[in-house]
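Below is one structure, written out as structure tokens, with a few remarks after it.
The values are calculated or read from the model by the stated rules, or taken from the named source; none is laboratory data. Everything quoted here is computed from the prediction, not taken from an experiment. Glycine also receives a Cβ, built like all others from the backbone with ideal geometry; neighbour counts cover every protein chain displayed.
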Amino acid sequence: MNMPTTYADVVRAIESAGLVDRVIALHSSLKSFGHLEGGAETVVRAFLDTGCTLVVPTFTYGCQVSPPPGWTLAQNGDEGRHPFDMEHVTGFDSASPMIERSMGAVPAYILSLRARVRGDHPLNSFAAIGPQAAEIIAAQGMLNVYGPYKKMITRSDAYVLLIGVGLTRTTPIHFGEEQSGRRLFRRWAKQADGKVMEVEVGSCSDGFNHFDPVVNGIEKTIQVGDSQWRIFPFKPFIDTIAAVINQTPTITHCDDPDCIRCRDMVLGGPLLSARNNS
Ligand SMILES: [Zn+2]
């Protein structure tokens, strides 16, 4: 069995990877470390102590509700089916620690910290902590789900960091889809005050491993304990993804030939100009 990974190991890794003081879109699996002393707290503290800002997805799919009667949108990745409960859905509260379990331990830990900042998007909120957190998160809107990434792409100090996870967990690739000219799917969701609203959401990410060879040239990898870290400069990463989607739109399609979300996204996303309610 390998030695446990410690706080000092993580700090050393951040320094050797050139990530000190950076703004980082972080996607992580703590299990990848084998034994990590102190768990999520160790990782988050190491990044904060080295001046970093962490930006993580803190999604809450359970706040989704059905759209208003008669609302439809073609090519919206849903075939017009919205089997959601209106009455019993808990509304989204950005001050609460509510989060999908699948988001992992680090986003859940960040939500427990007083200094964190969280967007008020009821399905796909992002949270951040660190010196740039407020500015990055303020850019998120109901119909601007990837506003935080739009801030990050203007910064040369922004990075994507994957700790022990692959590209199927890399939310910024959905932003790459948007940058390629695709329109994002629309859903409806409930806020804590009971208000129901239309929001943008990401699509299926099960096929995103197809980008592995594409981003190889801008990727740096390091080994931290048992964990492999993959590091990409943010803007080149998004630009590369968007360019490849334009060349080969089907690259984002997952292995399920019947995936409705992948089908509609490959076609360019919802037909907003043809919508019946505007
Ligand atoms: Zn799919």
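Data for the structure
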{"read-out": "Verdict on residue 206 being under 17 Å from the mean Cα position of the chain (by Cα), among the charged types (D, E, K, R) and part of a loop (DSSP other than H, G, I, E, B)", "value": "yes"}
{"read-out": "Qualifying residue in segment 223-233 (condition: under 24 Å from residue 161 (Cα atoms), within 16 Å of the ligand (Cβ to nearest atom) and within 17 Å of the chain's Cα centre (by Cα))", "value": "no"}
{"read-out": "Residues of segment 202-216 classified as in contact (Cβ under 8 Å) with a residue 12 or more places away in the chain, more than 14 Å from the ligand (Cβ to nearest atom) and farther than 16 Å from residue 165 by Cβ, total", "value": "1"}
{"read-out": "Positions within segment 234-260 being within 15 Å of the ligand (Cβ to nearest atom) and surrounded by fewer than 22 Cβ atoms within 10 Å (Cβ to Cβ), in sequence order", "value": "249, 250, 251, 253, 254, 255, 256, 257, 258, 259, 260"}
{"read-out": "Candidate set: segment 45-62, residues that are within 17 Å of the chain's Cα centre (by Cα), of a type outside the set (Phe, Trp, Tyr) and outside any strand (DSSP E or B); chosen: the one modelled with the lowest pLDDT", "value": "62"}
{"read-out": "Breaking point among (1) under 20 Å from residue 31 (Cβ atoms); (2) buried (at least 20 other Cβ atoms within 10 Å of the Cβ); (3) touching a helix residue (DSSP H, G or I) at 6+ places or on another chain (Cβ under 9 Å), for residue 168", "value": "(2)"}
{"read-out": "Residue match in segment 188-203 (condition: of a type outside the set (Phe, Trp, Tyr), surrounded by 15 or more Cβ atoms within 10 Å (Cβ to Cβ) and assigned to a helix (DSSP H, G or I))", "value": "no"}
